[in-house]
Amino acid sequence: MSNAPLMPKATAVWLVENTSLTFDQIAEFCKLHPLEVKGIADGEVAAGIKGHDPITSGQLTREEIAKGEANAERRLSLAVAKVRLPEMKKQRGPRYTPLSRRQDRPNAILWLLRNHPELKDAQVMRLVGTTKTTLQAIRERTHWNSPNLSPLDPVTLGLCSQLDLDMEVGRANKDRPQTAEEPSATLLSAEITTGPQPNGILSHEDVFGSIAKPAAREEEDDLDVDSVFAKLKDLRVKE
């Protein structure tokens, strides 16, 4: 509960026993129902619970209690903590795979190795939730069930989401260096495309660049038409 003191029932017990605050004030401060606070005062609720002093724990000040006792309409507020504890960062552990799906992990690993060889071992392990030993065994075909494995999509099996798979594949393709045999168009910067141009008009190649085209084969010898027809006539005469 937000803005509630620690051990609200124990705090309510202490406030009922040691202050003259109304049931509504105590109930609003401890996030309890007024009837529950009345039951604490009557001894019907929270029997055996030892009261917790909110002043000692720094959750309430004596001045705030005195103001509440003087004005029944006043709502008590928690004291500002003098020491702020750093938030605990939740460590992300290995992906949990249900028992019913664990037998499908080798098939999913085989599918990833065949269809996305660009993925690194750590990426495959994150997607499927496997170990490096199992991954290496399936890659080297030393897994105990290698003859019976069949590649199956991990998204269909429910081992990972399509969004996680696309993100890992995109990251792997981004890290992979582009070879010189794969020409690609280069998009020019905004300063060049939006700046002043000599002709005032930009063509498609000016903006997106041009892809290198293979050079045309040069003809080794020019064909002599007369000599070709002369050879054909000699063949006909011989026949």
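Points to keep in mind about this one:
- Over the range 99-175, relative contact order from alpha-carbon pairs under 8 Å, at least 6 apart, %: 43
- Cut-off 18 Å, label 7 Å out along Cα→Cβ of Arg114, residues of the range 135-172 by amide N: 135-159
- Pairwise label distance in nanometres, Val80 with Thr142, each label 7 Å out on the Cα-Cβ vector: 6.3
- DSSP-assigned coil residues among GluC sites (Glu not before Pro) in the range 1-85, each with at most 13 further Cβ atoms within 10 Å: Glu44, Glu73
The numbers here are math on the coordinates, done by the rules we state, and not lab data. All values reported here derive from a predicted model rather than from experimental measurement. FYI the Cβ positions are ideal-geometry reconstructions off the backbone, even for glycines, and counts take in every protein chain you see.
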